[in-house]
1. Could we say that Ala16 is at pLDDT 95 or above and farther than 20 Å from Gly4 by Cβ here?
2. Of the residues in the range 1-10, how many are part of a loop (DSSP other than H, G, I, E, B) and in contact with a helix residue (DSSP H, G or I) (Cβ under 7 Å, 6 or more places away or on another chain)?
3. Among the residues in the range 24-44, are any among the aliphatic types (A, V, I, L, M), farther than 16 Å from Leu71 by Cβ and touching a helix residue (DSSP H, G or I) at 6+ places or on another chain (Cβ under 6 Å)?
4. Kindly provide the set of residues from the range 30-74 that are more than 16 Å from Lys20 (Cα to Cα), touching a residue at least 40 places away in the same chain (Cβ under 8 Å) and surrounded by 13 or more Cβ atoms within 10 Å (Cβ to Cβ), ordered by number.
5. Which count do you get for residues in the range 34-58 that are under 18 Å from Ser6 (Cβ atoms) and of a type in the set (Ser, Thr, Tyr)?
Amino acid sequence: MSNGYSSRFALAVNSADTRKLGVQLGNICIDLDIPAIEVAEHVGVSRATIYNWFKGITNIPPAYRDAVQDLVTRLTAK
C-alpha cells in the first residue's frame, strides 16, 4: 500500500457497508493503489471528504454521485 493507506485504514474500509458507493470506491482505490488525493482532485472535493466516503462515514451528495459512479464503473472495467 504505497499510497499511504495504512492497514488500519484498509480494515476500516473493508469493514464498512459495501452497499455504499463511497465504500465501493474506497475498496477499489485500495486494491488498485490509487491515491485518495487523485480521486479528490478528479471529483473536486477534499482528501478528507474522500476518506470519509471510503469509510462510509458520510454519504456522497447528489451533486457528486454521478461523477463517483462513473469513476467506479471505469475503474472496475480495468
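1. no
2. Matching residues across the range 1-10 total 2.
3. No.
4. Ile34
5. 1
The values are calculated or read from the model by the stated rules, or taken from the named source; none is laboratory data. Source: prediction; values computed, not measured. Cβ atoms come from the backbone with ideal geometry, glycine included; neighbour counts cover every protein chain shown.
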